[in-house]
Structure formats: C-alpha cells, structure tokens
1. Just one of the numbered conditions (1) modelled with pLDDT of 85 or more; (2) assigned to a loop (DSSP other than H, G, I, E, B); (3) on the phi < 0 side of the Ramachandran plot is not true of Pro192; which one?
2. Pick out the one residue from Thr141, Thr183 that is under 30 Å from Arg107 (Cα atoms), polar (S, T, N, Q) and surrounded by 11 or more Cβ atoms within 10 Å (Cβ to Cβ).
3. Just to check your reading of the model, which residue among Glu226, Glu253 is under 36 Å from the mean Cα position of the chain (by Cα) and either among the acidic types (Asp, Glu) or modelled with pLDDT of 85 or more (or both)?
4. Looking at Lys199, is it without any contact (Cβ under 8 Å) to a residue 40 or more places away in the chain, within 30 Å of Ser28 (Cα to Cα) and over 26 Å from the mean Cα position of the chain (by Cα)?
5. Let me confirm something: among Val33, Val7, Val15, which residue is under 30 Å from Lys124 (Cβ atoms), without any contact (Cβ under 8 Å) to a residue 60 or more places away in the chain, among the aliphatic types (A, V, I, L, M) and surrounded by 10 or more Cβ atoms within 10 Å (Cβ to Cβ)?
6. Give the residues of segment 37-59 that are of a type outside the set (Val, Ile, Thr) and either under 24 Å from Thr92 (Cβ atoms) or in contact with a Gly (Cβ under 7 Å, 6 or more places away or on another chain) (or both), sorted by residue number.
7. If you take the residues of segment 47-96 that are among the hydroxyl-bearing types (Ser, Thr, Tyr) and under 23 Å from Arg107 (Cα atoms), which of them is surrounded by the fewest Cβ atoms within 10 Å (Cβ to Cβ)?
8. What number of residues within segment 246-286 are charged (D, E, K, R) and in a helix (DSSP H, G or I)?
Amino acid sequence: MIDYIIVNSRWQSSVTSCRSFPSADVGSDHQLVIAGIRLKLRMTRKKKAVRRFNIAKLEDGKVASAYRETMREKFVEATRTGVEDLWKTIKTIYTEAAEHRLGYRDRKTTHRWISDEVLLLSDKRKEMKASSYVDDESRKTYNYLTREIKRVARKCKEQWIIDKCEEVEQASEHGNSHKIFRTIKELCGKFPTNIQCVKDIQGNIIQDKQGIFKRWKEHFETLYNEQNPTDKTVLATLSSTSSTGVKDFLTEEVAASIKRLKKNKSPGLDNITAEMIKAGEEVSVDMLHTLCNEVCREGKCPEDWGKR
C-alpha cells in the first residue's frame, strides 16, 4: 500500500476508520483511501436556494399566450380587498402561472461536453479495474481504455467549444448581447475579483489587512459625510398641498411603466421578473393599476416592498 492519509496528532483520537478501496475507478495506479473522522462542528443554517423560472419559454408565442390566459383566469376569481391581500394575490397569480406554464430552469451541471461515449468507456474501465492486475493483457486493456477516455473527452470538449463559438456568432448577428456575454462567461468561467491591496491618499500601496480596512473606512467617511450647502428658505416659498386632491393613476401610466422595465435583471424576493410582468400584457396592467391605486388610497405599501 503506497497511499496514506496524514492526520495531526491532535486529531488522532477523532479518526474512526481508515481503509483503501481497490474497486474505485480513478484512472491511476494509486488506490482510493478513505478515512472516517468524527468532528464536532458548530451548526450553520444553510440558505435555501431560490429556483428561477424558465422565462426563456416566454419567447414562444403559444406559451406566452397560455401563461397570460392562466393569469387572467386567476385574477378574475381573486378577491381585491386591502393592499396586503391584493399584493399577496397578485404575487400568487404570477408564481402559480409561471410554475404551471414555464416551469423552473435546469440546474447547471459541470463538464457539459461529457458525452455518452465517454461515460460508456468509463463504465468499461470500471469493470476492468478489478482484473487490471491479473495479467499483462488486462493491464494493457485498462491502460488503453484510460487513454481512450482522455482522447474522446478532449475531442468532445473541443466540439463543445466550437458549438459555443457558433452560438456567439449567431447571437452577435441578431444583436443579442445578453446571450453573447452569458455564453462567453460559460466558456471562460468566473474570474476572482478580490482586491488584495489598495492605495492610500499619497498613492502608496497598502498590503496589510488592517491598513486596508482603515483606508476603506477613511474613503467612505470622506465620500458620504461631505457637507453640501443648503438653502432652507426655499421651503417657505412652496405652497401647501393636500392629499385629498390626489388623483388615481391612469391605466396608460401603468402600461408605460411596464413597457420601460429592463429585461434580463435579477428578480427580488418575490421571484417575479420583468419578463413575467411584460408577458402578462393587459392582465399585468389591470392588476398593477388596481394595486397602485389601492396603495395611493390607503397611504401604505405592502410589507414585502420594504424587505431586502
């Protein structure tokens, strides 16, 4: 046995077991070694991941029409009393219609270029793992499968990159900048954006951690505590207004606001995107027009609007 797990003497009593697994297929002469270590760690609450709706389906006219019809049916049956109840009803309508007609986006998986051929070769190599050390012929077959897996995987990855480059070219021809940057990010991955050092007022580089914190504190204190001159006498010249004369929002105003919403933006806590609101068309206008006027009449907003 040539593989070991090194443990500090402080944690030696925490090791419950340690053994090798010759049957594990790792494509190497080394054997997989697993150790069981018992530790007492502080429990941390894991945040529940929010699943995003598959808004790409809204580009299909039939899906968008069905989505809009579902919203219309639910809004006709809904009660419309009070700001809080009205907002919860509208949020439920968007959510249920999206779940029923759009569904959720698939979770991203790594190594998208791995094909069925590579997986089949991996299964064959796994079967040969047990007999790879019986005779020279078995060893040669095992080594051949290992080389073949690497060759086919490399070929699949190259073809995947070519396909992605073609997608970028097509998106560029159609002026779809969102798809261009999304595909490039998928190809290149994420780059670290952490700043390891900053400069002080004189331009000297600060590398120690405490000095960096102190410099950021000085920067924000200077940035946000600047005193601007104000003329408070202007307030006395303004005429007093009364809330009793406030008129309701017009339907055209709400429709214009929805039209100006930008696409491809992250949703808030309600998980409702701009694409979902726009796809509702006249149904979204009716719902939000009713909600805005109710907010104006009661003089308060839903509690969800103040959350982050």
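The values are calculated or read from the model by the stated rules, or taken from the named source; none is laboratory data. It should be emphasised that the depicted structure is a prediction, and the values quoted were computed from it without experimental measurement. So basically every Cβ, Gly included, is an ideal-geometry build from the backbone, and we count neighbours across all protein chains shown.
1. Result: Pro192 fails condition (1) only.
2. Selected residue: Thr183, the only one of Thr141, Thr183 that is under 30 Å from Arg107 (Cα atoms), polar (S, T, N, Q) and surrounded by 11 or more Cβ atoms within 10 Å (Cβ to Cβ).
3. Going through Glu226, Glu253 in turn, just one is under 36 Å from the mean Cα position of the chain (by Cα) and either among the acidic types (Asp, Glu) or modelled with pLDDT of 85 or more (or both): Glu253.
4. So Lys199 fails the test.
5. So the residue among Val33, Val7, Val15 that is under 30 Å from Lys124 (Cβ atoms), without any contact (Cβ under 8 Å) to a residue 60 or more places away in the chain, among the aliphatic types (A, V, I, L, M) and surrounded by 10 or more Cβ atoms within 10 Å (Cβ to Cβ) is Val33.
6. Within segment 37-59, Lys47, Lys48, Ala49, Arg51, Arg52, Phe53, Asn54, Ala56, Lys57, Leu58 qualify.
7. Among residues in segment 47-96 that are among the hydroxyl-bearing types (Ser, Thr, Tyr) and under 23 Å from Arg107 (Cα atoms), the one surrounded by the fewest Cβ atoms within 10 Å (Cβ to Cβ) is Thr95.
8. Total satisfying the criteria: 7.
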